[in-house]
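Trainee: Got a structure for you, questions after.
The values are calculated or read from the model by the stated rules, or taken from the named source; none is laboratory data. As the structure is a prediction and not an experimental result, all values here were calculated from the model. Here the Cβ positions follow ideal geometry from the backbone for every residue, glycine too, while neighbour counts run over all protein chains shown.
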């Protein structure tokens, strides 16, 4: 079954498949106007995650590490967590991710992370039937099918997403997901257990 969704065409961004490449540059620690974030924005440590909701490695991290990370650092106000949307992989993967992000944005800022959580939780079923899975998530949040279609086909919203991705990827040298940047210092791209983040956050807290 095709993994492509009926959204407007995506350009071929210069990004590689998720979790395959290491590297990355210094990141801007402060939240950008279009960023989505959680936690204490005055915290001493800012953790930026560049991720795609259609990236299996990101989904693995979300299921394994995110609950403990959120409870330990975000919910306690120790970390300001900034999530930046990326589009990686082949055209189908980028289209699926774009549709997931557009859906999350349409749900509103207060529900953004609920939708992102639901999309990650839907893996691997997301890859077999992306439209069906995302439509079910949309309906569970109170949207109709017509509203869902209008959301993921919105040319202005898609253009804004593409511009965010391209600008952040170029500015911060992000070429793979997930990429974590802690107080401006990038970890190697890919899956990181909580112990890696513990060490990086501890070091950032002392600097």
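Trainee: Taking into account only those residues within the range 89-112 that are touching a strand residue (DSSP E or B) at 6+ places or on another chain (Cβ under 9 Å) and surrounded by fewer than 22 Cβ atoms within 10 Å (Cβ to Cβ), which is modelled with the lowest pLDDT?
Mentor: Result: 109.
Trainee: Another question, if that's okay. Would you check which residues across the range 161-186 are modelled with pLDDT of 95 or more, over 15 Å from the mean Cα position of the chain (by Cα) and in a helix (DSSP H, G or I) and list them?
Mentor: Of everything in the range 161-186, nothing turns out to be modelled with pLDDT of 95 or more, over 15 Å from the mean Cα position of the chain (by Cα) and in a helix (DSSP H, G or I).
Trainee: Return the total of residues in the range 35-47 being in contact with a helix residue (DSSP H, G or I) (Cβ under 8 Å, 6 or more places away or on another chain) and part of a strand (DSSP E or B).
Mentor: 5
Trainee: Follow-up question, since we're still on this one. List, please: which pairs have Cβ atoms under 6 Å, are six or more places apart or on different chains, and start with a residue in the range 123-149 that is without any contact (Cβ under 8 Å) to a residue 24 or more places away in the chain and end with one that is crowded, with 18+ Cβ neighbours inside 10 Å?
Mentor: Final answer for the pair search is 125/133; 133/122; 133/126; 135/148.
Trainee: It is to be established whether one or more residues within the range 79-88 are surrounded by fewer than 23 Cβ atoms within 10 Å (Cβ to Cβ), under 25 Å from residue 190 (Cα atoms) and without any contact (Cβ under 8 Å) to a residue 12 or more places away in the chain.
Mentor: no
Trainee: Keeping to the range 137-146, report how many residues are part of a helix (DSSP H, G or I) and farther than 16 Å from residue 118 by Cβ.
Mentor: Summing the residues that are part of a helix (DSSP H, G or I) and farther than 16 Å from residue 118 by Cβ in the range 137-146 gives 2.
Trainee: Quick one: which of 126, 87 is part of a loop (DSSP other than H, G, I, E, B) and more than 21 Å from residue 40 (Cα to Cα)?
Mentor: Answer to the check: 87.
Trainee: Also, I was wondering about something else. Please go through (1) within 17 Å of residue 62 (Cα to Cα); (2) surrounded by 15 or more Cβ atoms within 10 Å (Cβ to Cβ) for residue 193 and return the number of the only condition it doesn't satisfy.
Mentor: Every listed condition holds for residue 193 apart from (2).
Trainee: Still on this structure: Evaluate the following for residue 118: is it in a helix (DSSP H, G or I) and surrounded by 15 or more Cβ atoms within 10 Å (Cβ to Cβ)?
Mentor: Answer is yes for this residue.
Trainee: Report yes if some residue within the range 51-58 is modelled with pLDDT of 95 or more, touching a strand residue (DSSP E or B) at 6+ places or on another chain (Cβ under 6 Å) and under 20 Å from residue 201 (Cα atoms); otherwise report no.
Mentor: There is at least one residue in the range 51-58 that is modelled with pLDDT of 95 or more, touching a strand residue (DSSP E or B) at 6+ places or on another chain (Cβ under 6 Å) and under 20 Å from residue 201 (Cα atoms).
Trainee: Is it true that some residue in the range 100-121 is more than 28 Å from residue 42 (Cβ to Cβ) and out of contact with any helix residue (DSSP H, G or I) (no Cβ under 9 Å at 6 or more places or on another chain)?
Mentor: no
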